[in-house]
Ligand code: MN
């Protein structure tokens, strides 16, 4: 925190069609309905792993986070696929984080535990995405091999104006500390938010304050720009 060091990136997919960017809010639901989310998810994962492996080969210490959809999570061969990708790319497994939402876990708790344990055995880390907006069930935090929580952006957004958001963020931080989980704050955009989060404890910050989502080459330029250290926080991802 406040070290100014870039910790890693979150892989986000964008679709450029005839020169225009189509919002993921538009095409992800379509991909989900049509089943295309499965090949798309595989492509994103593969691309992210390849990118992280390239960074690793260049001596950069960066993690990559990949959002795993429920359809992907339910794939019977997910662990085999991940193992093959890690093997082919030589990426160290602890560089790869999977972001899953609570609803993915809650859909089938028993199966979820099994899948997480199999992937955990490969060395993958798990972060609960958008924490605080779903069920926030405490029992699965205890039972499942989760490594960290991502504080939902809706609590970060109003941090400096809304005491309730602040109380919730503080509660999530204290919960995570007690359970020995890492914390990432999503959607950090202002120095005021950064200062408040810093006062709550150690965590990684993600959001526009560090950088808007950018392409890999631009991200690499960010790594090389020492001037950023003066005004940016440690960032976990690109957005
Ligand atoms: Mn995410």
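With the simple model of a label 7 Å out from the Cα in the direction of the Cβ, residue 94 to residue 133 spans 3.1 nm.
Stretching the chain fully between residue 34 and residue 75 yields a gain of 13.2 nm (0.36 nm per residue, less the alpha carbon separation).
Please report the antiparallel percentage of the DSSP beta bridges confined to the chain, to the nearest 5.
Close to 10 percent.
Taking other C-beta atoms within 10 Å as the exposure proxy, 80, 101 rank 80, 101 from fewest upward.
Footprinting exposure proxy ranking of 114, 17, fewest other C-beta atoms within 10 angstrom first, gives 17, 114. Computed extension length for residue 3-residue 25: 4.6 nm, one decimal, from 0.36 nm per residue of separation with the Cα-Cα distance subtracted.
Which value in deg cm²/dmol, rounded to the nearest 500, describes the helix-derived mean residue ellipticity at 222 nm for the chain, given -39,500 (n - 2.57) per DSSP H run of n ≥ 4 and division by the residue count? Mind showing how you got there, number by number?
Working: 11 runs with 113 residues, N = 239.
When only DSSP H runs of four or more count, the value is -14000 deg cm²/dmol.
Considered as an equivalent ellipsoid built on the Cα gyration tensor, segment 36-106 has semi-axes of 22, 13, 10 Å, the largest given first.
What is the fewest-to-most order of 155, 219, 98 by other Cβ atoms lying within 10 Å of their Cβ?
Lowest to highest Cβ neighbour count: 219, 98, 155.
Restricting the calculation to Cα atoms, every distinct pair contributes to the Kirkwood radius of segment 52-165, found to be 15.3 Å. Across segment 151-226, the volume of the C-alpha convex hull divided among the residues equals 97 Å³ per residue. Segment 152-177 and segment 29-74 have Cα centres spaced 28 Å apart. The tail of the calculated P(r) for the chain beyond 24 Å holds 46 percent of all Cα-Cα pairs.
Placing a pseudo-label 7 Å from each Cα along the Cα-to-Cβ vector at residue 118 and residue 217 gives an inter-label distance of 3.9 nm. With both residues required to sit in segment 1-126, DSSP beta bridges show an antiparallel share near 25%.
Read-outs throughout are calculated quantities, based only on the coordinates presented, and are distinct from any laboratory measurement. Keep in mind that this is a model prediction, so the values were computed, not measured. Using ideal geometry, Cβ is built from the backbone for each residue, glycine included, and neighbour counts are taken over all protein chains shown.
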